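Accompanying notes for the structure given below.
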Amino acid sequence: MRSLTFIRFAAAAILVLLACVGLLCHSMFLAVICLGINVFLVPRSYPDLSDSGMRRWLRGVALRLVVFLAVVGAVWFYPAASPGTGERIFYHPVFVVAFGLLGLWSLFRCWRGRRELFGA
């Protein structure tokens, strides 16, 4: 079980890095494909409503939703935004590096939690 979880973690980390490379190469298709595969590669456990970890999980979901809506709102509703503003933001190296680090940190936390859960 230990090697299987490490292999899945390594494959998911490689896919996150490939998605970042795709964004740097202005290929949204590659990024979406890599992240789509990554969703099925790393199973996430969802706590019960009575679990104390549910608040932490809901906070994480709410934080991701707020960040996503802020980026979409800034691109969509900013009056001086040109049609290529979204592409400039999503393909900018600062956004890609922050996105990659956040993705790798999230994968590591999930992998560490699974490792502790199964005792591997």
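Structure notes:
- Residue check for Pro43: under 19 Å from Ala10 (Cα atoms), open to solvent by less than 100 Å² (accessible area, probe 1.4 Å), at pLDDT below 70 and not in a helix (DSSP H, G or I): yes
- Subset of segment 99-120 that is loosely packed, with under 12 Cβ neighbours inside 10 Å and modelled with pLDDT of 80 or more - its residue that is farthest from Val21 (Cα to Cα): Arg109
- Only listed residue being assigned to a helix (DSSP H, G or I) and either over 16 Å from the mean Cα position of the chain (by Cα) or at pLDDT 80 or above (or both), chosen from Val32, Val61, Val71: Val32
- Qualifying residue in segment 75-93 (condition: within 23 Å of Arg109 (Cβ to Cβ) and at pLDDT 65 or above): no
- Single residue of segment 47-58 satisfying the filter (part of a loop (DSSP other than H, G, I, E, B) and surrounded by 11 or more Cβ atoms within 10 Å (Cβ to Cβ)) that is modelled with the lowest pLDDT: Pro47
- Residue count for segment 9-31, restricted to those that are touching a residue at least 60 places away in the same chain (Cβ under 8 Å), more than 17 Å from Gly86 (Cα to Cα) and open to solvent by 70 Å² or more (accessible area, probe 1.4 Å): 1.
The values are calculated or read from the model by the stated rules, or taken from the named source; none is laboratory data. The shown structure was predicted, so the numbers you read here are calculated from the model rather than taken from an experiment. All Cβ positions, glycine included, derive from the backbone under ideal geometry; neighbour counts span all protein chains shown. Quick note on the areas: whole protein, heavy atoms, side chains included, nothing else; ligands and nucleic acids left out. Shrake-Rupley method; radii C 1.70, N 1.55, O 1.52, S 1.80 Å.
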